Every structure is written in structure tokens, then in C-alpha cells.
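Report on the following structure.
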Amino acid sequence: MFSTTPNKAEQSHQNGSFPIVTHSDHGKRNDVLNSSASEINIDNGDDDDDEDPMIYYHDCSVAYQSPQHSPSKIPAVVPPVIYSPKLDNIKLRTDLTTVQVEKRARASDHAIKAHKKRQTLYSPQDSILLFLRNKHIEALHGSSLHSSNHFKRGYMKFCLNGERRSGITWKPFLDMKDQLEDAPCALSMFHQRLIVEDFMLLEPGDSLICLMSSAHYMLNASAPYGSKSLSNHWKTTIKFALESLPLKPVVFSGITYFPFTIDVHSNPSYNNFVDKNMTKSEIEHLCTYKGGGGIYCNISLGKGSTCRELFKFYDLINCYHSIQFWKIQLSSQIPNVKACLRHYKDIPSLAPRVLHFLNEFEGDSSSTLPLVQYYELRVKDMESDAKFTTYKASAISSNKLIANFSLTDDDTRLAEFRDYVEDITKSAVMKVYGNFVDFTSPLLSQSELSMMANKFKLTLTEYYQIIIVLLNKMTLLETTWTITARICRQD
């Protein structure tokens, strides 16, 4: 029957092999883990097959069966003991603070980008930053623009070799007159003057010609933002640059400019300008003198030595009369300037803006002449619009028409047309004479009226045109104006 010797069960329990729990015929689950070794009865298996022994458990007079499992042969792995690091409290607080600072910086950048998406962003690549010039344009308000003078200045070239040199003012480089007087000219017909939008898009490696006059604050200690130390520094720098590569001074509108070559080293704001990631306030701050930005350029001083200087955006906005930058390039900002000026419909608003851009393009005939031509075309359009508006609003004078275009009875053309109309009407009346006709039937048909109109057009042509103008004044004038304006734009 059942044996009370628990040797095999205890041995199996000690080896870590637990039998699979099954259900008995009574449907109760054997709680082996809660059973003691004395409660487990094992059959020796005298009557059963030794190859398939069974373990029988006795728990509260209920028998359960489960197949026997062999003990595990995998050695137990003891997990290593890892102790917590002993961190200094100050270092721990520093690390946590660093994480917080980085997290806050990322959150701040995300908030700034999200705020910028709701604002208007600007880029000098595809538009003119007119808001940077508002202060100077307001100062020119009410100024008259005589395009003939600018045409003459546009056609005038810079001083080339062999021309008069009496207009050059050599101060503050009087000791270099003999060396620079016969030097090659700094500019060629392929150079274009850069405005601030061009200057903002310069890349490292670009080569420029800088023209600086003695009135600039870098050379003039008495000018705003000028100082004696700054003036001495730049006089020495330009002197070494001219000794390294002598270039003849350039004269524009009586002002002498000393040229020297510079190479762009870096443009910190280039990516923001190209990606159109700058707001109006940021660009305005970038173009201020204190705290503003610019471009770092290398100036060759000879014997392999160079110096790196910062040329600010402020100079191109506020000092365009005393400093210029020229570069050989194919593109021009004139199309963008025209698109910017196209929004102004009256001469008092257009003239100051054109005059300011002409000052920024001073010396560059390839930009000055198209701008002057565009201004003259816009002025003609505005004058024609004003005349057309006045003529549309004016009333037609009947007295003038009667006084200038009345016909006498003995006029041959009038007599011919009068006889023609009488013949047609008399023939139409005689056709219905003595006959019954509908009350609504016309005496003259549509074809007969057309014949009379054609006769009037052929016989009295100028009077036919007068009647057409009087009847269709608005339509005819608008059509005529459209054709005229199109011809003017093509010219």
C-alpha cells in the first residue's frame, strides 16, 4: 500500500527538484510547498515499473500523483555584490544642477523657435530690409530728385591711369603719394558695390575691396565713435596694407577713398540670414554699433603677416558716405530694390527712397543707371495717372462742343447724309401707306438703321468719333491708357 519512508522525497526536495503539482480525482490541488516531509508517502514501486516511478503524497488522507523530476545539474550562480558609490554631496548637487541647466536651455530654445514661427521673419537673400533705412529716408523727406544729375554721375567712371589727379586728397597718407600716384586702379568694370544685404551674405574666402575715406570714424578721431587710439591703429594698418599691395585712391563726388584688399574670415550670422531665422528686432540690434554684429576679415600686411578686423553692419547703414565695399559678382540687388519701391504710388514717398538708394550705390554705374531709369518711368506713370484721374472727373462742356463742331446747312457732307436719311425714311413710309399694319411694327428695320449708321460713319467721320467718345468715355480712355502704359514700359 503506502510507505511512510520519505527518503526519496526528502532527497528530491534537498536537490531543489520539486514535483509537478497535479489534481486528484477529488479536484483538489496538492499544496506541496506547504506540506512537510513526514506527510509525504513514497511507494517503493515493488509492483510498478522501475523505469517510470511515481511519487505519492499523503496530505490529509488525500492522495496526489506527480511524475518524478531529476535534479538540476546546472551549478548555481551567485550574483556579485555591487555596492552603491559613495558620492560627494557637492559633486552630486553639481551634476543635478548641470542636468537642470541643460534641460532649461533646450526648453528655452524650443520656446524661442515656437515664438519666432508666429512672427514675421526676414532674410536679405530675397528682400530689401527697408526698415533699417527709415531714419535716413525720413531725413530726406521733401528732397527733390533731379535724375539728370544722377545720370551724369552714373556715367562718370572712377579715376583711371592717365586722368587728372588733382582731385585726390592724400591726407592722412601724404608720405605715400609718390608710391600710390602711379599704382594700378583698385576697381574694374566687373566690380559692384555692396549694400548691407549683399554684405550680410558674404561667405568665408570671399575677396573684397574696401574703400575708406579720411572722414570715417576709424581714421577721424573727432567723428562719432572715433578715438585717437582707433585712428592710429587704422592708419598704421592701412599703411602696411597699401605698402604690401599699392592701389591708387578712388574719387567719387569729390571724396577720396583709399582702397585695400580684405578677405572674409567668418560670418557668424550667415546661417541665420540664409535660413530666414531673424526677426525685425534681431536684425535691427545686429546693425547697431554697440553690441551689433558684422563680418571678420583678414587684412594682408605684407611679409606673410595678417591682421583680423571686424567690419560692422552698422557701417553700411550709417557710414555709406565714408566707407564702401566692392566685389566681383554677377548678381545684383537692383531687382529687389525695384520690387521694394513698387509699392509707393506717389512721388513724395518715392523720391526720398530712390535718393537714399542712389547714395548707397554711389560710384556704381551698373546699379545707378537702372535705378534712375526706373524712377523716371514711375514718375511718368504717376503723372499720366494724375492727368487721367483729372480728366475723368471733369465734366463735358456742351458749349465748347457746339461752338467748335456745329455744321451749317450748306455743308456738303451734312446735305449728303440728310438726303440719304430722307430717302430711306420716305421709302419706308410709302411702303405702309394705305395698308393696315401692327401698331408695334417699326417703320425702319434693323438693317436700314445699320445702313444709316454706316453712312454717317463714312460721311461724317470725325463727328462719329466725337459721339463714340461721349457715349463711351470711360471705356475708351481706360483702353487707350492701358495701351500707352504698355508701350512706355516696353521702352
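The values are calculated or read from the model by the stated rules, or taken from the named source; none is laboratory data. Because the structure is a prediction, the values reported are computed rather than measured. Please note: Cβ atoms are built from the backbone with ideal geometry, for glycine as well, and neighbour counts cover all protein chains shown. Note: areas computed on protein heavy atoms with side chains; ligands, DNA, RNA excluded. Shrake-Rupley method; radii C 1.70, N 1.55, O 1.52, S 1.80 Å.
At-a-glance table
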{"quantity": "Cα centroid separation, segment 200-219 to segment 293-308 (Å)", "calculated": "11 Å"}
{"quantity": "DSSP-loop trypsin sites (Lys or Arg not before Pro) across segment 241-320, with at most 14 other Cβ within 10 angstrom", "calculated": "K276, K290, K303"}
{"quantity": "Most to least accessible of H321, H233, H136, H216 (protein chains only, probe 1.4 Å)", "calculated": "H321, H233, H136, H216"}
{"quantity": "Lys, Arg +1 and Asp, Glu -1 on Cβ, resulting dipole of segment 174-324 about Cα centre, debye, nearest 20", "calculated": "380 debye"}
{"quantity": "Candidates per trypsin sites (Lys or Arg not before Pro) in segment 383-422, loop by DSSP, up to 15 other Cβ within 10 Å", "calculated": "none"}
{"quantity": "Listed peptides 373-385, 348-360 by packing density, highest first (mean Cβ within 10 Å)", "calculated": "348-360, 373-385"}
{"quantity": "Accessible area, probe 1.4 Å, largest first, for residues Y257, Y463, Y433", "calculated": "Y433, Y463, Y257"}
